[in-house]
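One structure is given below, encoded as structure tokens.
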Amino acid sequence: MTDAALSTTTIAPRTDTGEPSVSPWKRALLYALLLAVSFLMLYPLLWMVASSFKPDSEIFTSTGLVPADLTVDAYRRGWSGLSIGFGWMFFNSLVISLLVVIGNLFSCSMAAYAFTRLRFKGRGFWFTLMLGTLMMPQHAVLIPQYVMFLKLGWVNSILPLVVPKFLAIDAFFIFLMVQFFRGIPRELDEAAIMDGCGPLRIFLKVILPLSTPVLATAAVFSFIWTWDDFFAPLIYLNDIEKYTAQLGLRTFVDSTGTSDWGSLFAMSTLTVLPVFILFILFQRLLIEGIATTGMKR
Amino acid sequence: MSTLRTTERPAAGGRFRFGDSLAGYGFLAPWLVGFFLLTLGPAIASFYLSLTDYSGLGAANWVGAENYVRIATDDPRFWTAMNVTFTFVLLSVPLKLIFALAVAVALNRGLAGLSFFRAIFYLPSLVGGSVAVAVLWRQVFAGDGLLNQALNALFGFEGPSWISNPSTSLYTLVLLAVWQFGSSMIIFLAGLRQIPQDMYEAASIDGASKARQFLKITLPLLTPVIFFNAVILTIDAFKAFTSAFVISDGTGGPIDSTLFYTLYLYQEAFTNFRFGYASALAWVLVLIIAFFTAMSFLTARFWVHYDD
Amino acid sequence: MTTLALNKIKKSFGNLDIIRGVDLAIGSGEFVVFVGPSGCGKSTLLRMIAGLEPISGGELSIGGERMNERAASERGIAMVFQSYALYPHMSVYKNMSFGLETAKMPKPEIDKRVRKAADILQITHLLERKPKQLSGGQRQRVAIGRAIVRDPKIFLFDEPLSNLDAELRVQTRVEIAKLHKDIGATMIYVTHDQVEAMTLADRIVVLRAGVIEQHGTPLEIYNRPANRFVAGFIGSPKMNFLDVVASDVRDDGVSIDLAGRKARLPIEARVVDGAKLSLGLRPEHIGTDETGGLDLGALTVVHVEHLGGQTVVYGRLVDGQSLTVALDGQRAISAGSTLAVRIAAENCHLFDEAGDRIGK
Ligand SMILES: Nc1ncnc2c1ncn2[C@@H]1O[C@H](COP(=O)(O)OP(=O)(O)OP(=O)(O)O)[C@@H](O)[C@H]1O
Ligand SMILES: [Mg+2]
């Protein structure tokens, strides 16, 4: 019972047919259609990757996926195409994303634990407010936040991007963890209470170790969303040496205009690469995370 | 057992409380600080700023409702932005929903390779918000971009530059949004999985056709999920920013044809440093989103089917 | 000597009174079983003793010391949960040592205790496994082991066997009885199962709707149920209750009128002539061969269950009241036939209209 209650909702392919079974011909047709649509959908991405290995002249003449002339020239040009190397911006992105992951895991799991496991006056009230912030667009608080960070002297540093995450500002992750924590049998907490544990020890020794799936999901989503984030770095980071990869790429578009698509594609491919790797590694977690919470960005 | 019982509170008379308030507020402290300092405080401040002419420097002079009056009566770019944004929302949300539902239903037929297709369709949602994809879109729909090359090769058709043509540029962004139907599709798939099999069995014994089964069983039982997706997608669509910013070089061009509301807001706040006015714009957006959310919940009871 | 005393213990959830004043003193080394219908508050009472649920009113003391405000771990109590509540991410060893580590006990001492408990429960070969890799019965042992290592004064069990199959249940029941004998700690045990209650308990506490209906040794409860509820709750098949009218009430007994048939019971009944009473008869006390005692008349057999060792007959008396009879051994009785049934006078119980026992 305990184990069943702990596993997240699985949406593994089901073996029985969904609606009453489809005839072989229709099935073949369906497959063909799905394959065609997925190919069409992926084509631009594949083409971007392929083009990053093509010489510039070929990009505008070939719609194919196989470069006639494989070259990494575009990568070489792109990597040092700005006054600051792309490597540095990748490093900035990595630091920010990792700090955000830590912040989110730390603060959101604490809040979710308080909401699901501790009894205190006003819990229902705060929980409702938390759910309210889930729907609230960031724009309502954007400008005063900016002014506040400006007054604190934090603008043009990574602090505005990172510190809020240590204050559980991403209600989505609290919600995700609340959903998961609710599935952990309360008797485990009680057994731990009998074993002399206080709230902190229960949290650290029982709840968190049992929550690795949701923590991993939150970590991967945090990382990807932060890595891809454009808006916050755009308004908070001014100096090019503080830029994230996304900002760098955007600046690169400005500086090359549309003259050097090859290196643009090369750098684009590189910025998407970490996300793609995480996607390959944690596909199941990501998809289940979306399916169980029914939320996304 | 593990559901959150908000009614359960320490019983009267028992001084000994388990996970007492101290621990509760201890664990909630980071969130509480964040809530007051980064959400509630700024929300109030932003409303106050919207009634001033604050520019980031100097004092914030009280101007009353002037900003709002100007938005309503004397700001053609506001109306352009509204027009662009509403067109984008009203096109992208239904299209996304239809695609997501159609693909989910197709995938739910017990096909082998479900997880393969699911992953492929989901990938664009995961990377779609990035600058890289916006860059790619810029190329694909450029005059000499991938699309026109393909059209030329296949049909000998010389396409225009879709991006720099004001009458088509917005539609490339709609397409980009629809391309990211994957996460809605996953939610639909999860929803479809909740529909009990015996409903279909009973229906096919009754001789209901596939189409009828879809209309009479699948669709009604899926309405809560459709509703949920529609609300989330609408809110998301109002907040769209990055793609328009990158594709139009931050201008919302050509000739404001992709001037998303958020883009206009950004320009007023961070290019023109009209913090007061931008705050008013922000509040208008919040109200629009709140209105849409409220409307969806109000209309929900007429078409959303919940089990009892 | 009393280890645990409940004094007017009360519990309410919001304005719902769940436990409504429970007084009970439990002696050192006693095995006490709480029984009662579902929802009567057995678990709640146990959890208040454990320290998992705040006490709304009254006093709980252990070893003469007030415990209401003490943390669960400071009460010298261990609890075995119905669902075992083993930590899924810890090995069996770790499950048992966790509480001791929390109490900062030295490592060698922990190891000694864990190995000793594992030895008693014969789970030494499982120590490195995770709970997932154990059978239900093995998990149950680990849960008990986790309680044993803490060397508590009092063990609490909340329906510990209800998730086991019938055979394991019997086996584990015997082991728990043996464990009690070996370590001599006080045990409080909640169950639905009468056999468990009768076989394990030094004392049974029957609860209903948050109050104690009766407590006493299993045989006291069986032989002298304090009211109709207890009488019906303990014993299987359930006690029969027949409507009778009292007459000729004297100090040495009372006559009852059962479907026109008069009989005299040597029960000191303080009731008026003509009072409507309930006559309680245990199915296993009713016989067909007896000569003495109370003549219940002819029983028209409606249904028969042949259990092998016992034959259970369901039937109707001449006045239409239904009666269940449990006869020893295998009897050639079939539905539709009639039996002459009798019962010894000392096996008759009388209850007044309020359901309370009449007489000794
Ligand atoms: N946290 C709670 N909030 C409100 N009511 C509760 C709570 N816990 C228990 N109750 C109520 O208290 C009553 C007693 O519950 P309890 O679990 O003690 O019953 P029980 O005798 O153990 O039953 P069972 O034999 O089914 O386990 C029930 O009516 C239950 O609904
Ligand atoms: Mg119970």
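The values are calculated or read from the model by the stated rules, or taken from the named source; none is laboratory data. Worth saying up front: this structure is predicted, and the values here are computed from it rather than measured. Positions of Cβ are generated from backbone atoms using ideal geometry, with glycine treated the same way; all protein chains shown enter the neighbour counts. All accessible areas refer to the heavy atoms of the entire protein, side chains included, with ligands and DNA or RNA removed. Shrake-Rupley method; radii C 1.70, N 1.55, O 1.52, S 1.80 Å.
Here are a few things to note about the model shown:
- Answer residue from region C:69-85, given it is in contact with a helix residue (DSSP H, G or I) (Cβ under 9 Å, 6 or more places away or on another chain) and open to solvent by 10 Å² or more (accessible area, probe 1.4 Å) and is nearest to ligand 1 (Cβ to nearest atom) among those: C:GLN82
- Complete set of residues in region B:269-284 that are closer than 18 Å to A:LEU234 by Cβ and surrounded by fewer than 24 Cβ atoms within 10 Å (Cβ to Cβ): B:ALA269, B:PHE270, B:THR271, B:ASN272, B:PHE273, B:ARG274
- Subset of region B:246-265 (residues that are open to solvent by less than 30 Å² (accessible area, probe 1.4 Å) and either at the interface with chain A (Cβ under 10 Å from one of its Cβ atoms) or more than 25 Å from B:GLY129 (Cβ to Cβ) (or both)): B:VAL246, B:ILE247, B:GLY250, B:TYR261, B:THR262, B:LEU265
- Taking region C:29-119 as the region of interest, the strands (runs of 3 or more DSSP E) fully inside it that hold 3 or more residues being within 20 Å of C:GLU159 (Cβ to Cβ) and either within 14 Å of chain B (Cβ to nearest Cβ) or not polar (S, T, N, Q) (or both) are C:31-35, C:77-80.
A quick yes/no check of all residues on (1) within 16 Å of ligand 2 (Cβ to nearest atom); (2) among the hydrophobic types (A, V, I, L, M, F, W, C):
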| residue | (1), (2) |
| --- | --- |
| C:SER38 | yes, no |
| C:GLU53 | yes, no |
| C:GLY58 | no, no |
| C:ARG66 | no, no |
| C:GLY76 | no, no |
| C:HIS89 | no, no |
| C:LYS116 | no, no |
| C:LEU121 | no, yes |
| C:PRO131 | no, no |
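- Against the test of being in contact (Cβ under 8 Å) with a residue 12 or more places away in the chain, more than 30 Å from B:LEU32 (Cα to Cα) and more than 14 Å from chain B (Cβ to nearest Cβ), the options A:VAL72, A:VAL95 yield a single qualifying residue, A:VAL72.
- Hits in region C:33-46 - residues which are under 13 Å from C:LEU6 (Cβ atoms) and surrounded by fewer than 20 Cβ atoms within 10 Å (Cβ to Cβ): C:THR44
- Lone qualifier among B:GLY58, B:GLY113, B:GLY64 - being open to solvent by 60 Å² or more (accessible area, probe 1.4 Å), at positive phi and either over 26 Å from the mean Cα position of the chain (by Cα) or among the charged types (D, E, K, R) (or both): B:GLY58
- Cβ-Cβ under 6 Å pairs, at least 6 apart or on other chains, region A:207-235 side without any contact (Cβ under 8 Å) to a residue 24 or more places away in the chain and within 8 Å of another protein chain (Cβ to nearest Cβ), far side in a helix (DSSP H, G or I) and buried (at least 19 other Cβ atoms within 10 Å of the Cβ): A:PHE230/A:GLN246; A:PHE230/B:VAL131; A:PHE230/B:THR242
- Test: residue in region C:245-258 that is assigned to a strand (DSSP E or B), at pLDDT 90 or above, in contact with a strand residue (DSSP E or B) (Cβ under 6 Å, 6 or more places away or on another chain) and surrounded by fewer than 22 Cβ atoms within 10 Å (Cβ to Cβ): no
- Taking the listed residues C:VAL92, C:VAL142, C:VAL174, the one that is of a type in the set (Val, Ile, Thr) and open to solvent by 30 Å² or more (accessible area, probe 1.4 Å) is C:VAL174, with no other qualifying.
- All helices (runs of 4 or more DSSP H) inside region A:199-291 with 1 or more residues being β-branched (Val, Ile, Thr) and over 22 Å from A:ASN104 (Cα atoms): A:245-256
- Any hit, region C:148-167, residues being open to solvent by 50 Å² or more (accessible area, probe 1.4 Å), in a helix (DSSP H, G or I) and away from ligand 2 (no atom under 16 Å from the Cβ): yes
- Scanning region B:185-202 for residues that are more than 8 Å from every other protein chain (Cβ to nearest Cβ) and crowded, with 19+ Cβ neighbours inside 10 Å turns up B:MET185, B:PHE188, B:GLY191.
- Checking the stated criteria, C:VAL325 turns out not to satisfy the condition of being among the hydrophobic types (A, V, I, L, M, F, W, C) and either assigned to a loop (DSSP other than H, G, I, E, B) or open to solvent by 20 Å² or more (accessible area, probe 1.4 Å) (or both).
- Looking only at region A:114-141, residues that are assigned to a loop (DSSP other than H, G, I, E, B) and under 20 Å from B:LEU233 (Cβ atoms) come to 3 in all.
- Of the set (1) in contact with a helix residue (DSSP H, G or I) (Cβ under 8 Å, 6 or more places away or on another chain); (2) open to solvent by 10 Å² or more (accessible area, probe 1.4 Å), all apply to A:LEU204 but (1).
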